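Below: one structure, written as structure tokens.
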Amino acid sequence: MVVPAIVGTTLFFSSCKRDTSLIDNFTNLKQTPGVTAYNSEVDYTENGILKIKVSSPRTVYYQFAEEPYTEFPDGIAVFTYSDSLTVETTLTAKYAIYNEKTMIWHAKNNIVAKNRKGEVLYTEELFWDQKKHIIYTDANVKINSVNGLVYGRKGLISDETFDHWEVKEPYNGEISL
């Protein structure tokens with residue numbers, strides 16, 4: 001009886017090897033997504049009224065990070081609504097990330113934003129600060145406004161509905177975006 005137990009224990013320990021990648025996965029929880037959703041759509045409401053709709057082909061939520069965040073690695077589409085449920089603004093981007101603690105959205109790559117007046121913003125990087133109710137960027141911008149094309153070398157700042165905006169360092173020629 002003792003011999004089979006010793007042989008079995010010896011075989012068990014000699015056949016085991018260290019696989020640190022499994023241990024790393026469990027100990028590196030802060031960089032591991034808690035939830036991944038495909039073709040997701042999230043509605044944000046205030047007093048039961050739809051205010052914002054966010055859709056994305058893939059949404060990854062890092063709930064265990066020191067500052068939890070949501071990543072939209074395959075792009076994002078955002079629609080904001082008035083109290084009468086008409087679309088006020090739209091935004092599309094190839095990538096976005098949302099930081100829960102700071103309440104800042106960061107969109108990158110081929111951003112197109114449109115307001116209710118029909119004005120269209122084109123840029124490569126855009127931030128939305130939900131606490132301050134502003135959108136801003138320091139990247140080049142092109143705006144197809146009601147008064148014609150407006151270019152900016154140093155970005156813009158605007159209210160969150162993109163109704164009242166100011167281009168930093170306007171430029172009268174074309175800028176490659």
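Hey, can you tell me all the residues within segment 118-177 that are of a type in the set (V, I, T), surrounded by fewer than 17 Cβ atoms within 10 Å (Cβ to Cβ), part of a strand (DSSP E or B) and over 23 Å from the mean Cα position of the chain (by Cα)? Across segment 118-177, there are no qualifying residues.
This table checks each residue for (1) modelled with pLDDT of 60 or more; (2) touching a Lys or Arg at 6+ places or on another chain (Cβ under 8 Å).
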| site | (1), (2) |
| --- | --- |
| V3 | no, no |
| D24 | no, no |
| P33 | yes, no |
| E41 | yes, yes |
| S56 | yes, no |
| G75 | yes, yes |
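Scan segment 79-110 residue by residue and report those that are under 29 Å from F64 (Cα atoms) and over 10 Å from the mean Cα position of the chain (by Cα). Talk me through it step by step, then tell me what you get.
As a first pass, look at segment 79-110 and keep what is under 29 Å from F64 (Cα atoms): 79-80, 91-109.
Across segment 79-110, the qualifying residues are F79, T80, L91, T92, E100, K101, T102, M103, N109.
Conditions tested, residue by residue: (1) touching a Leu at 6+ places or on another chain (Cβ under 8 Å); (2) crowded, with 17+ Cβ neighbours inside 10 Å; (3) in contact (Cβ under 8 Å) with a residue 40 or more places away in the chain.
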site	(1), (2), (3)
E46	no, no, no
T70	no, yes, no
D74	no, no, no
V87	no, no, no
L91	yes, yes, no
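Can you pull out the residues in segment 85-104 that are over 14 Å from T59 (Cα atoms) and part of a strand (DSSP E or B)? Matches in segment 85-104: V87, E88, T89, T90, L91, T92, I104.
Among the criteria (1) closer than 20 Å to I52 by Cα; (2) assigned to a loop (DSSP other than H, G, I, E, B); (3) in contact (Cβ under 8 Å) with a residue 24 or more places away in the chain, the one F79 does not fulfil is (2). Checking segment 90-102 against the condition returns no match, with no residue being aliphatic (A, V, I, L, M) and at pLDDT below 95.
The values are calculated or read from the model by the stated rules, or taken from the named source; none is laboratory data. Here the structure is a predicted model, which means the values were calculated and not measured. Here Cβ is always computed from backbone atoms with ideal geometry, including for glycine, and neighbour counts include all displayed protein chains.
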